[in-house]
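Encoded as structure tokens, the structure appears first; notes follow it.
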Amino acid sequence: MIVLYTMEREYPYGTLRSTNGSKTKVVLEEKGLGYRVELVRPGDVWKKVPEILAKHPLGKVPFIEDGELTLFDSTVINEYLNDAYPEPALLPSDVVSRAHARALENYADEGVLSQYLPLIWMPWWSPAEQRDQDSMERGREGLRTAIFPFLESRLSETGYLCGAFSLADVPFMAVAMVLQVDGMDVSGFPVTAAYLDRLRQRPSYRVIDPNTPLAESVGLAAAS
Ligand SMILES: N[C@@H](CCC(=O)N[C@@H](CS)C(=O)NCC(=O)O)C(=O)O
């Protein structure tokens, strides 16, 4: 059985999860794969303890074990899962569309998950009085000025970024998760708001839904 190492923690306002770990969790669910989640302590990740460094040389999450294989980086893991477990396909079949999907996945990773989203998400893991409100507002402003206008123009008539739901949409599942907790007003961007709601309706979202307690969010596809 595949083991996913990631960070998840319960708070009174919901279960918070690593955005990159959530990307991999969504793909495991979309593929209907059996897996179990090993929770990594945030303190061990920040301190870069040897046990984590042995599995992920940058001391981050997520990483997975699949039999003999240990693999890190959510994008690489998701590509591996899509190759090793081809059904349902999460990339288009023709070469050019596949390249577009990968480019959009990279856009989300570099432009959103590595840039604006942590400014909003990291403070939610701290007590309310310690949250840097300016940083959170800078993150929201980045989404409003750079990311949402792009989504408004790029979302295709299928309702996803690259034809059918694909790896390009997976990072935006994590955006949907973060903004559900944050409550940011997205109503000025109707196409984006509808997209985020559409992503939240997918069955795979249940395992990253902040309303899903830890005990219920591990390997649902395998259990059903
Ligand atoms: N490119 C990596 C990024 C991984 C990443 O930054 N993970 C965060 C949690 S969402 C982490 O472990 N941060 C701890 C750190 O950067 O020290 C991926 O996609 O997996």
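The values are calculated or read from the model by the stated rules, or taken from the named source; none is laboratory data. These numbers come from a predicted model, not from an experiment. Because the Cβ atoms are built from the backbone with ideal geometry, glycine has one as well, and the counts that use them run over all protein chains shown.
Output the residue which, of all residues in segment 26-48 that are in contact with a helix residue (DSSP H, G or I) (Cβ under 7 Å, 6 or more places away or on another chain) and over 19 Å from A164 (Cα atoms), is surrounded by the fewest Cβ atoms within 10 Å (Cβ to Cβ).
G34
For every residue, the table says whether it meets (1) closer than 25 Å to D73 by Cα; (2) in the same structural domain as G14 (by TED's automatic domain parsing); (3) exposed (fewer than 14 other Cβ atoms within 10 Å of the Cβ).
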site: E105; (1), (2), (3): yes, no, no
site: D109; (1), (2), (3): yes, no, no
site: S114; (1), (2), (3): yes, no, yes
site: P118; (1), (2), (3): yes, no, no
site: W124; (1), (2), (3): yes, no, no
site: E157; (1), (2), (3): no, no, yes
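Working carefully through the options V181, V186, V170, find the one that is under 23 Å from L90 (Cα atoms), at pLDDT 95 or above and not polar (S, T, N, Q). Quick ask: steps written out before the conclusion?
Numbers: V181 fails: under 23 Å from L90 (Cα atoms); V186 fails: under 23 Å from L90 (Cα atoms).
The match here is V170.
Which of the residues belonging to segment 1-26 are within 22 Å of Q115 (Cβ to Cβ) and aliphatic (A, V, I, L, M)?
Across segment 1-26, the qualifying residues are M7, L16, V26.
Considering only helices (runs of 4 or more DSSP H) fully contained in segment 110-162, which possess at least 2 residues that are within 16 Å of the ligand (Cβ to nearest atom) and of a type in the set (F, W, Y)?
In segment 110-162, 117-124 are the helices (runs of 4 or more DSSP H) which contain 2 or more residues that are within 16 Å of the ligand (Cβ to nearest atom) and of a type in the set (F, W, Y).
Give the number of residues within segment 89-109 that are within 13 Å of the ligand (Cβ to nearest atom) and either assigned to a strand (DSSP E or B) or among the acidic types (D, E) (or both).
Total meeting the criteria: 2.
Within 11 Å of the ligand (Cβ to nearest atom), touching a residue at least 12 places away in the same chain (Cβ under 8 Å) and assigned to a helix (DSSP H, G or I): is that true of V45 in this structure?
Judged against the criteria, V45 is a match.
Look at E29 and say whether it is farther than 17 Å from S114 by Cβ, within 16 Å of the chain's Cα centre (by Cα) and at pLDDT 95 or above. Spell out how you get there, then give the answer.
On the way: farther than 17 Å from S114 by Cβ: yes; within 16 Å of the chain's Cα centre (by Cα): yes; at pLDDT 95 or above: yes.
So E29 passes the test.
Among the residues of segment 58-88, which ones are surrounded by fewer than 13 Cβ atoms within 10 Å (Cβ to Cβ), more than 12 Å from the ligand (Cβ to nearest atom) and either in a loop (DSSP other than H, G, I, E, B) or touching a residue at least 24 places away in the same chain (Cβ under 8 Å) (or both)?
Across segment 58-88, the qualifying residues are G67, E68, P86, E87, P88.
Which count do you get for residues in segment 168-202 that are of a type in the set (G, A, S) and buried (at least 20 other Cβ atoms within 10 Å of the Cβ)?
Going through segment 168-202 one residue at a time, the tally reaches 3.
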